[in-house]
Each structure stands twice: as C-alpha cells, then as structure tokens.
Amino acid sequence: MQTAPNAAVVSWFDERPTESLWATSATLFEVRLGQAQLPAGWRRGALEAVRLVEGGQSIAAAARTLGVVERTLFNWVKAQRAGEFTGADSRAV
C-alpha cells in the first residue's frame, strides 16, 4: 500500500466536478469489507467515523454517534482528504 497518493491522480480528480466522479457498489463493498476485517480498535472506529462524514453526515453528528471528540474527528477527516491518515503501524489507510 502506498503511503501517499500519486500526485498526477490527485490532480486528475481535483480537476473534475465532484458530481462527475463515481465508485461502483462493488468497490464500496470491497472497501467496507476491508474495514470490517480490521481488528477492533481506534483505527477501525476512526475509519467508520471518517466514512460517515464522507457520506454526508456532519462532523458533529458523527462524533456524537461514535463518541469521539469533534476536533479529533475533524483532524481524521482532514488527514484522510490529504492522504495522510495513518494507522498505529504508520501505514496510510
């Protein structure tokens, strides 16, 4: 797994309107299955929290739902969007 996204790919995505980008249901299933297979702990909970926010839930609502501090969730989301969200073993997730 790469520790940072390819700059050319990030640039390509950034140049397109958000509403023109799609992921297949199979891709979403594979990502969620991978998340579900992570050992229980903060990284799995953090991924779930970030997924809720990326899915449209506010940071405040997702933080309340999962019992995490809003600022912490804000930092996780920010790191995820920058491609810097790492787990306990320092690999990007």
For Thr24 the rounded accessible area (nearest 10 Å², probe 1.4 Å, non-protein molecules ignored) is 80
For Thr18 and Val31, extending 7 Å from Cα along the Cα-Cβ vector and measuring point to point gives, in nm, a value of 1.4
Label model pair Glu84, Ala60: point-to-point distance (7 angstrom along the Cα→beta-carbon line) in nm is 2.7
With all protein chains in place and a 1.4 Å probe, Arg16 shows an accessible area in Å² (nearest 10) of 80
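The values are calculated or read from the model by the stated rules, or taken from the named source; none is laboratory data. Remember, it's a predicted structure, so these values are computed and weren't measured experimentally. Neighbour counts run over all protein chains shown; Cβ positions are idealised from the backbone, glycine included. The protein model used for the area step is the full one, side chains on, heavy atoms only, and it has no ligands, DNA or RNA in it. Shrake-Rupley method; radii C 1.70, N 1.55, O 1.52, S 1.80 Å.
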